[in-house]
Amino acid sequence: MPASLRNKALLYRLLLCFFLVWLRPAFSYAEAPVLSPVEEAIPSTAEGFGVEVKNAEVTSQGDSYVLSADIDYQLSARAKDALENGVPLYWDVHIKTFQHRDYFWDQTLLNTGIRYRIQYHALLNMYRVRKEGSGEVDNFSTLSAALDAMSAIRNFRVMNKASYVSGKRYAVGIKVTLDRDALPLPLRPVAYTNPQWYLSSDWTLWPLTK
């Protein structure tokens, strides 16, 4: 290959690398939280309804790092009305562990979650909360008690200590979403246009350190 063509090929490769690095911020966190202090998180309950992740911490337990957090569910009037009329609401608690990398996309080490189903049974005058993954079911006499049961995450394993590499940056992110696609079909158009159905939180992230 002539020297001029080799130089052009090298130039194109350098330009491509620069272009990919320039694009990285736009894609790196498309489905992930931004690496920023938790203090900067903006509560999603500013309008009086929504979801907010509170009091989260990552601690060491045995051979693992575990997450504990509290989630504040504030239902809107529309959501409460639907629930009291027998409509089940599905909530997904998304949990991810990341390793930050300076020149490549951040590596997802864990992508899991907890799915809850809450429904009011008028004949029994009680709220039923089901953890979909395990099938565990609990009944409550009040809505606040039912939401409290969904609020506490305790000692959720997010990383094995053997996977921790000194000098690397790790973080754990949480996001809570209301699954509007699981609503009855006639209710979905309203849920996607009425702000009272915007009941999902933003990603909130905490550093994972030794």
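Laboratory data are not the source of any read-out in this text; all were calculated from the coordinates shown. No experiment lies behind these values; they were computed from the predicted model shown. We place every Cβ from the backbone using ideal geometry, glycine too, and count neighbours over all the protein chains shown.
A full extension of the chain between S141 and T112 corresponds to an added length of 7.4 nm, given 0.36 nm per residue minus the alpha carbon distance. Fewest neighbouring Cβ atoms within 10 Å first, the residues K210, K161 line up as K210, K161.
In order along region 132-147, phi translates into HN-Hα couplings of 4, x, 9, x, 5, 10, 9, 10, 9, 7, 10, 5, 4, 5, 5, 5 Hz, rounded to whole numbers, per the Karplus curve 6.51 cos²θ - 1.76 cosθ + 1.60 with θ = phi - 60° and x for Gly and Pro. Near R169, the amide H atoms lying under 5 Å from its own belong to H100; only residues 5 or more places off or on other chains count, and H is placed 1.01 Å from N. Converting phi to 3J(HN,Hα) with the Karplus coefficients 6.51, -1.76 and 1.60 and the offset θ = phi - 60°, region 77-94 yields 4, 5, 5, 4, 4, 5, 4, 5, 9, x, 7, x, 10, 10, 10, 10, 9, 8 Hz in sequence order, with x at every glycine or proline. Once backbone amide H atoms are built at 1.01 Å from N, S200 has L178 as its partners under 5 Å, excluding neighbours fewer than 5 places away on the same chain. For D106, the residues 5 or more places off, or on other chains, whose built amide H falls under 5 Å of its own are R101.
Run the numbers for L185 and H121: contour at 0.36 nm per residue of separation, minus the present Cα-Cα distance, in nm.
Details: separation 64, 0.36 × 64 = 23.04 nm, distance 2.02 nm.
Gain on stretching L185 to H121: 21.0 nm.
The orientation-averaged projection of the convex hull spanning the C-alpha atoms of region 31-208 amounts to 11.5 square nanometres.
If each residue's Cβ is checked for other Cβ atoms within 10 Å, how do D63, D81 rank with the fewest at the top? Please list the in-between numbers first.
Numbers: D63 9, D81 12.
Exposure proxy ranking, most exposed first: D63, D81.
Sequence-ordered 3J(HN,Hα) estimates for region 197-209 from the Karplus curve with 6.51, -1.76 and 1.60 and θ = phi - 60° stand at 9, 7, 10, 9, 8, 7, 5, 10, 10, 10, x, 10, 10 Hz, glycine and proline given as x.
Relative to the current alpha-carbon distance between H100 and N155, full extension at 0.36 nm per residue lengthens the span by 17.5 nm. Peptides 65-72, 168-175, 188-195, 111-118 ranked from most to least packed by the mean count of surrounding Cβ atoms within 10 Å: 168-175, 65-72, 111-118, 188-195.
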